[in-house]
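Down below is the structure, laid out as structure tokens.
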Amino acid sequence: MKSLLTGKTTLIIVLLFNCFITAQQQDTTKDLPRLREKPVQHRRGIELSENYQSYGQKYLGKNLDEEKRKLFPLVSTGVWTELNPKVPRVDYLGINFVNKDLPTGQAGTGWAVGDLGALIKSTDGGTSWTVSETNTTTPILKVRSYDGQIVIASGFGGLILRSTDGGETFTQVTSNVTGDLWGLQMINDTLGWACGNANSLIKTADGGQTWQNIETPGYTSDYWWIDFMNENYGFIAANGKVLRTTDGGTNWEIIQAGDAYPLFSIDVIDSLHIAAAGYGGTSYPAKNIYSSDGGNTWVTGGMMTTSEVNCIKYISIDTGYVVMSNIGIWKTTNRGQNWTITGGIGEYELQYIEEGRTGYNTGTGLKLWKAEGSYDVWKRMIINDNFADVFFTSEQKGFVVSPSYEYGSLYKTNDSGISWNVVNGAPSGNELLFLDSLTGFVGSYQINKTTDGGVTWYVPNGGQGGAGKIFFVNQEIGWAVRSNVIYKSTDRGENWFTQFTAPASVHFTSINFSDTLYGWVSGGRPYKTTDGGNNWIQQTNTIIWNSDDVYFTNTDSGWFAKYSSINNSLFKTIDGGLTWTGIPEVIGARKFYFFPDPIHWVIIGFSQYYITNDYSNTWYEFTNDVPTGINSFYAPTNIQGYAVGSLGLVLSYNDTTYIPVELIDFSAEYTDNKIHLSWITVTEINNLGFELFRSYDNNNWVKIGFVRGAGTTTEKSEYSFIDHKIYGSKIYYQIKQIDFNGTFEYSTIIEIEISSLNFYLSQNYPNPANPIANISFTLPQKSFVEINLYSINGELVKQILNEEKEKGIYNLEVKLNDFASGVYFYKMTTDKGFYDVKKLVLLK
């Protein structure tokens, strides 16, 4: 096939072939809601293209402030934090950078604008972005700046926004027009132009503070783009015409440019060479024209594809680029006579900066792209995949995956989701599962497996059938479903065989086993097996139909999720599926996700999200706490989780208030120169045990012991620990509760004051000593203290202490490495008349 296309026939064949391949590969077991939504046609006042919706239709009847909240970056709630993309997840329509990326490291400053009043700023060439508040939900179409200080943005309904601080803050100014302002240019820091449909043409001479209506006698239709080469010489792209001025807009000459269809973009290359493009009807959709005589005459360019051109930019008099809706960027090297496609990326605006061969491009669905070093090689500035699934193999390491019919990538993080990198050579898909840190699976139109932690992937034997859902009941035995087929593996997914094929009308959505024998599948009428999947029986006596997910904890207790926006969508059985009860407080349920704690769940729906902390007895909706578009959730610990979704959404969940071990009492008591610690729990889940910590200043902590926990129990449990090594008059203690999976929680800190003291010398600990003896003593007042060690014959063998001490409790660590095994005595005397003697046995 030739890469240079001059007609439609070859392209239509390519598109049909691609559609066929996509249809073969796509599995809808995990639906992504956004994929079913029609794209938006933002241009108003022209005929709505087939299979598109208007901006007004998209947001009809919706609260725009609420839509903005759902799609703009999440303000952290303390529990949920947005990790990606941290910019509004909307269609971006305009972009402008004012200075090039320099090899010295100074990067370009620029802005991008889009739906719902989105305006973002970068000061490092698009590597990172911040959100600027515009205080509007009106779509912003273009943004321009001459010097980087005064920034002007234009949008629907004559919207003009102005910033004097480099785009950090914006105020709305009066434009005196009501048309949608698609064209915008700042010629210098004071002179600027804007134009739009409904005969809207305005000019500013004071840096955008005020705008003046400009008349163009003889033309009263739409203006789509404006481009001045200097203060005097400029052009406007209009409906079938271009308007030219040579006197700074005082007078405009109307020139017929090709047919009567609209020109959406124009580029003044120099005083003689001008290119324009737009829509030429069904027979010539990607209309493009070129003038070599200053716009007096126009030559029609070659055919491209079945979409209109939104922007045209030339980098020389011969070489230029166009960007089109849903098609991407095309290139010409002969003034538009022939075109080749260079990348299916953003649809709306192109900007090229000559120095460094840098380019920027925007489009629908958070498309923000950049070219560096070559105008033909592009990379995304922000990850905007529609993530289908997420899995973490530890608290720091995790994966997300997007479907093959999108960008189709597997990403990995090593820093708890803060940054993500594409895993080169890895599969795309809808389902993600790891058995441990090394062995994992991606399900799509085939099953893919890794045994080295995601570095390399392969299709195991029998995995060619694909999977929309993969489930393992233990480390060896697992199942997968896709369409109407159930697959099984008994060797960690190394070999898969078809275990059951349902009628073609059946579409399985999920599978779950409570043990190696009892299992269920969802989708249509549920199927059940009691023999490990050798036989599957359709459950025709249930009220459940077209379910999305299933989960059973044992042979009797189970749940089905069935999406409904108005009725019960969560159903429960306690008799093995004989009867089912709807749970009315849950609406819109689709998928179950679980914390390590078996009583802690999350339900994800199309637009509603729920969490339970008590085994599904009580559900709490957290829809308004998070952005919209969540598709999946995974929790590596009981307090830490991650949600992923449309347009690159990654959220972290961190709920430090959730404590799977409920501690109701923790106390300390001083007796016999020892501290007795005791604590009580009323429930324990997955509890390995407790580490005890001591501090004398509430700052420096030392681990002093470990007490094993009861595992999982709903009974009250009592624990105790004795601390022998104490001194001072105030001591602090804290408990660290540890789960079997390594997660942990700290208790509150308790303190004990030892105010009623007597002179006291303790028995050494341990006794016999080997080879260190711990000796503690108590002083009720400031005293001079002498402690000596004697042999059994009464000979002084070691002076342990000889100094003045303040009131308090003290602990001495006496090293006896150089002494022979035997019986010794240690004696304490003070200047206050106290003395005592203890026997010490040394056993090496």
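Out of all the residues in the range 131-163, which are without any contact (Cβ under 8 Å) to a residue 40 or more places away in the chain and either β-branched (V, I, T) or over 20 Å from R89 (Cα atoms) (or both)?
T134, T136, T138, G157, L159, S163
So, in the range 582-600, how many residues would count as being under 28 Å from E662 (Cβ atoms) and without any contact (Cβ under 8 Å) to a residue 40 or more places away in the chain?
Residues in the range 582-600 being under 28 Å from E662 (Cβ atoms) and without any contact (Cβ under 8 Å) to a residue 40 or more places away in the chain: 3 in total.
Output the residues belonging to the range 602-655 that are touching a Gly at 6+ places or on another chain (Cβ under 9 Å) and polar (S, T, N, Q).
Result: S607, Q608, T623, T628, N631, S632, T637, S646, S652, N654.
Pull up the range 196-213, narrow it to residues that are out of contact with any Asp or Glu (no Cβ under 9 Å at 6 or more places or on another chain) and surrounded by 19 or more Cβ atoms within 10 Å (Cβ to Cβ), then point me to the one that is farthest from N251 (Cα to Cα). Write out each step before concluding.
Filtering the range 196-213 down to residues out of contact with any Asp or Glu (no Cβ under 9 Å at 6 or more places or on another chain) leaves 202-206, 208-213.
Okay, now just the ones that are also surrounded by 19 or more Cβ atoms within 10 Å (Cβ to Cβ), so 202, 204, 208, 211.
On the way: I202: 14, T204: 16, G208: 21, W211: 18 Å.
Filtering the range 196-213 for residues that are out of contact with any Asp or Glu (no Cβ under 9 Å at 6 or more places or on another chain) and surrounded by 19 or more Cβ atoms within 10 Å (Cβ to Cβ), the one farthest from N251 (Cα to Cα) comes out as G208.
Which count do you get for residues in the range 685-738 that are among the charged types (D, E, K, R) and assigned to a loop (DSSP other than H, G, I, E, B)? I'd like the intermediate steps shown before the answer.
First, the residues of the range 685-738 that are among the charged types (D, E, K, R): 691, 694, 697, 703, 708, 715-716, 718, 723, 725, 730, 736.
Within this subset, residues satisfying the condition of being assigned to a loop (DSSP other than H, G, I, E, B) are 697, 715-716, 725.
Total meeting the criteria: 4.
Within the range 520-536, identify whether any single residue is surrounded by 17 or more Cβ atoms within 10 Å (Cβ to Cβ), over 20 Å from L432 (Cα atoms) and under 27 Å from the mean Cα position of the chain (by Cα), and answer yes or no.
So far as the range 520-536 goes, no, none of its residues is surrounded by 17 or more Cβ atoms within 10 Å (Cβ to Cβ), over 20 Å from L432 (Cα atoms) and under 27 Å from the mean Cα position of the chain (by Cα).
Between S783, S747, S791, S821, which is closer than 30 Å to L663 by Cβ and in contact with a strand residue (DSSP E or B) (Cβ under 9 Å, 6 or more places away or on another chain)?
Checking each option against the conditions leaves just S747.
Where in the range 1-111 are there helices (runs of 4 or more DSSP H), lying fully within it, with 2 or more residues that are at pLDDT below 50 and surrounded by fewer than 19 Cβ atoms within 10 Å (Cβ to Cβ)? Before you say what the answer is, go through the steps one by one.
Numbers: elements: 9-25, 55-58, 64-71.
Qualifying helices (runs of 4 or more DSSP H): 9-25.
Please state which one of I254, I236 is at pLDDT 95 or above, within 45 Å of the chain's Cα centre (by Cα) and either surrounded by 14 or more Cβ atoms within 10 Å (Cβ to Cβ) or outside the structural domain of G302 (by TED's automatic domain parsing) (or both).
Values: I254 fails: within 45 Å of the chain's Cα centre (by Cα).
Of I254, I236, the one residue that is at pLDDT 95 or above, within 45 Å of the chain's Cα centre (by Cα) and either surrounded by 14 or more Cβ atoms within 10 Å (Cβ to Cβ) or outside the structural domain of G302 (by TED's automatic domain parsing) (or both) is I236.
Against the condition among the aliphatic types (A, V, I, L, M), in contact (Cβ under 8 Å) with a residue 24 or more places away in the chain and outside any strand (DSSP E or B), how does L647 come out, does it pass?
In short, yes.
How many residues, within the range 377-408, are farther than 26 Å from P39 by Cα and in a loop (DSSP other than H, G, I, E, B)?
Residues flagged as farther than 26 Å from P39 by Cα and in a loop (DSSP other than H, G, I, E, B) within the range 377-408 amount to 5.
Could you go through the range 642-656 and let me know if any residue there is surrounded by fewer than 20 Cβ atoms within 10 Å (Cβ to Cβ), of a type in the set (S, T, Y) and at pLDDT below 95.
Looking through the range 642-656, at least one residue is surrounded by fewer than 20 Cβ atoms within 10 Å (Cβ to Cβ), of a type in the set (S, T, Y) and at pLDDT below 95.
Residues checked against (1) in a strand (DSSP E or B); (2) surrounded by fewer than 17 Cβ atoms within 10 Å (Cβ to Cβ); (3) in contact with a Ser or Thr (Cβ under 8 Å, 6 or more places away or on another chain); (4) among the acidic types (D, E):
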site	(1), (2), (3), (4)
S547	no, no, yes, no
Y551	yes, no, no, no
W559	yes, no, yes, no
Y563	no, no, yes, no
D575	no, yes, no, yes
P584	no, yes, no, no
I604	yes, no, yes, no
I611	yes, no, no, no
Y615	no, yes, no, no
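Can you tell me which residue in the range 717-728 is nearest to K782 (Cα to Cα), limited to those that are surrounded by fewer than 17 Cβ atoms within 10 Å (Cβ to Cβ) and in contact with a Leu (Cβ under 8 Å, 6 or more places away or on another chain)?
I722
Any idea which of V442, V422, V455, V459 is closer than 27 Å to L71 by Cβ and hydrophobic (A, V, I, L, M, F, W, C)?
Just one listed residue meets the conditions, V422.
Please go through (1) surrounded by 24 or more Cβ atoms within 10 Å (Cβ to Cβ); (2) in contact with a Pro (Cβ under 9 Å, 6 or more places away or on another chain); (3) modelled with pLDDT of 90 or more for E349 and return the number of the only condition it doesn't satisfy.
It is condition (2) that E349 fails.
Restricting the search to the range 487-542, which residues are free of Cβ contacts under 8 Å to residues at least 24 places away in the same chain and of a type in the set (K, R)?
Listed by number, the list holds a single entry, R525.
Can you find a residue in the range 450-470 that is closer than 24 Å to F571 by Cβ, within 26 Å of the chain's Cα centre (by Cα), at pLDDT 95 or above and buried (at least 17 other Cβ atoms within 10 Å of the Cβ)?
Residues of the range 450-470 closer than 24 Å to F571 by Cβ: 468-470.
Those left that are additionally within 26 Å of the chain's Cα centre (by Cα): 468-470.
Next, from what is left, pick out any that are at pLDDT 95 or above: 469-470.
When the remaining residues are screened for being buried (at least 17 other Cβ atoms within 10 Å of the Cβ), the result is 469-470.
Among the residues of the range 450-470, at least one is closer than 24 Å to F571 by Cβ, within 26 Å of the chain's Cα centre (by Cα), at pLDDT 95 or above and buried (at least 17 other Cβ atoms within 10 Å of the Cβ), which makes the answer yes.
Is one or more of the residues making up the range 752-772 of a type in the set (D, E, K, R) and at pLDDT 85 or above?
Taking every residue of the range 752-772 in turn, none turns out to be of a type in the set (D, E, K, R) and at pLDDT 85 or above.
Give the number of residues within the range 666-722 that are closer than 30 Å to Y615 by Cα and either in contact with a Cys (Cβ under 6 Å, 6 or more places away or on another chain) or of a type in the set (K, R) (or both).
Summing the residues that are closer than 30 Å to Y615 by Cα and either in contact with a Cys (Cβ under 6 Å, 6 or more places away or on another chain) or of a type in the set (K, R) (or both) in the range 666-722 gives 2.
Of the conditions (1) farther than 23 Å from I345 by Cα; (2) of a type outside the set (A, V, I, L, M, F, W, C); (3) within 42 Å of the chain's Cα centre (by Cα), N288 satisfies every one except a single condition; which number is it?
Here N288 meets the rest and fails (1).
When you check V702 against the structure, is it touching a Lys or Arg at 6+ places or on another chain (Cβ under 6 Å), assigned by TED's automatic domain parsing to the domain that holds N741 and modelled with pLDDT under 85, yes or no?
No, not satisfied.
Consider the range 375-406. How many of its residues are farther than 22 Å from F592 by Cβ and either of a type in the set (F, W, Y) or within 11 Å of the chain's Cα centre (by Cα) (or both)?
Of the residues in that region, 6 qualify.
Applying the selection to the range 173-186, what residues are assigned to a loop (DSSP other than H, G, I, E, B) and buried (at least 19 other Cβ atoms within 10 Å of the Cβ)?
Those that are assigned to a loop (DSSP other than H, G, I, E, B) and buried (at least 19 other Cβ atoms within 10 Å of the Cβ): S175, V177, G179, D180, L181, W182.
How many of the residues making up the range 722-751 are farther than 15 Å from W701 by Cβ and either at pLDDT 85 or above or of a type in the set (A, V, I, L, M, F, W, C) (or both)?
4
Would you check if D227 is assigned to a strand (DSSP E or B), within 22 Å of I95 (Cα to Cα) and in contact (Cβ under 8 Å) with a residue 40 or more places away in the chain?
Judged against the criteria, D227 is a match.
Given the options G207, G218, name the one that is in contact with a Ser or Thr (Cβ under 9 Å, 6 or more places away or on another chain), of a type in the set (G, A, S) and outside any strand (DSSP E or B).
One residue alone meets the criteria, G207.
Might you check whether a residue that is of a type in the set (V, I, T), over 26 Å from F434 (Cβ atoms) and surrounded by fewer than 22 Cβ atoms within 10 Å (Cβ to Cβ) occurs anywhere in the range 683-694?
So far as the range 683-694 goes, yes, one or more of its residues are of a type in the set (V, I, T), over 26 Å from F434 (Cβ atoms) and surrounded by fewer than 22 Cβ atoms within 10 Å (Cβ to Cβ).
The values are calculated or read from the model by the stated rules, or taken from the named source; none is laboratory data. Because the structure is predicted, anything quoted here is derived from the model rather than measured. Positions of Cβ are generated from backbone atoms using ideal geometry, with glycine treated the same way; all protein chains shown enter the neighbour counts.
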